[in-house]
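Written below as structure tokens is the structure these notes are about.
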């Protein structure tokens with residue numbers, strides 16, 4: 001689960017072609033190392049970055065991964081608790097049956113109805129938690145996609161790049177077109193940790 005949100009968002013972001021407008025828009029700063037390459041008429045000014053490096057070094061990804069892991073741990077604990085409660089109730093009914101604890105069929109039916117109701121409620125509660133995790137993952141993916149897309153659009157415009165690609169396994173891309181360090185630096189410079197936004 002570590003990089004799933006970033007990977008999905010970045011793959012979508014990689015499909016976006018960014019056209020240079022020639023203005024900086026505040027995207028450039030002294031820490032960036034990639035020089036602006038003059039566009040040759042009739043050619044496309046392209047750069048690329050390594051997604052794994054961005055994923056491993058972008059502070060927002062670290063935060064989202066931490067939140068996702070906490071949510072998953074909470075869900076697993078909740079699901080185990082509900083399953084244990086239902087298993088304990090089932091065992092109680094079975095033990096009562098083995099020990100001839102039911103004096104009437106009505107008493108047994110009442111316990112079974114109670115068990116079925118609680119089992120259904122537990123299943124519904126677990127399914128609701130699963131839905132919450134799915135919604136959180138979708139929200140995280142959107143947050144990450146928006147962050148990447150906004151930065152890449154501004155960065156490409158400021159630098160005069162027409163297209164920014166994500167390096168994929170097996171592809172050869174010229175090392176001098178690598179802007180991975182700039183992407184990481186720029187994303188982290190824009191990133192505001194939750195405590196900083198209070």
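The values are calculated or read from the model by the stated rules, or taken from the named source; none is laboratory data. Only a predicted model underlies this, so the values are computations on that prediction, with no experimental measurement involved. Don't worry about glycine lacking a Cβ; one is built from the backbone with ideal geometry, like all the others, and counts go over all protein chains shown.
State whether the residues of the range 151-171 include one that is under 23 Å from residue 58 (Cα atoms), without any contact (Cβ under 8 Å) to a residue 60 or more places away in the chain and more than 27 Å from the chain's Cα centre (by Cα).
Checked against the condition, which is being under 23 Å from residue 58 (Cα atoms), without any contact (Cβ under 8 Å) to a residue 60 or more places away in the chain and more than 27 Å from the chain's Cα centre (by Cα), the range 151-171 yields no hits at all.
Kindly evaluate residue 87 against the criterion of being part of a helix (DSSP H, G or I) and touching a helix residue (DSSP H, G or I) at 6+ places or on another chain (Cβ under 7 Å).
no
Do you know which residues across the range 126-141 are free of Cβ contacts under 8 Å to residues at least 60 places away in the same chain and touching a helix residue (DSSP H, G or I) at 6+ places or on another chain (Cβ under 8 Å)?
Listed by number, the residues that qualify are 126, 129, 130.
Among residues belonging to the range 149-180 that are in contact with a helix residue (DSSP H, G or I) (Cβ under 8 Å, 6 or more places away or on another chain) and assigned to a helix (DSSP H, G or I), point out the one that is surrounded by the fewest Cβ atoms within 10 Å (Cβ to Cβ).
Once the filter is applied, the top-ranked residue is 149.
Run residue 159 past the list (1) at pLDDT below 90; (2) in contact with a strand residue (DSSP E or B) (Cβ under 8 Å, 6 or more places away or on another chain) and report the number of the one that doesn't hold.
(1)
So if I check each of 114, 146, which one is loosely packed, with under 13 Cβ neighbours inside 10 Å, assigned to a helix (DSSP H, G or I), at pLDDT below 95 and at negative phi?
Of the residues listed, the single one that is loosely packed, with under 13 Cβ neighbours inside 10 Å, assigned to a helix (DSSP H, G or I), at pLDDT below 95 and at negative phi is 146.
Taking the range 186-198, which residues are in a helix (DSSP H, G or I) and touching a residue at least 12 places away in the same chain (Cβ under 8 Å)?
Of everything in the range 186-198, those that are in a helix (DSSP H, G or I) and touching a residue at least 12 places away in the same chain (Cβ under 8 Å) turn out to be 186, 187, 188, 189, 190, 194.
Hey, residue 183 hits all of (1) under 12 Å from residue 50 (Cβ atoms); (2) touching a residue at least 40 places away in the same chain (Cβ under 8 Å); (3) not in a helix (DSSP H, G or I) but one; which does it fall short on?
The one condition residue 183 does not meet is (3).
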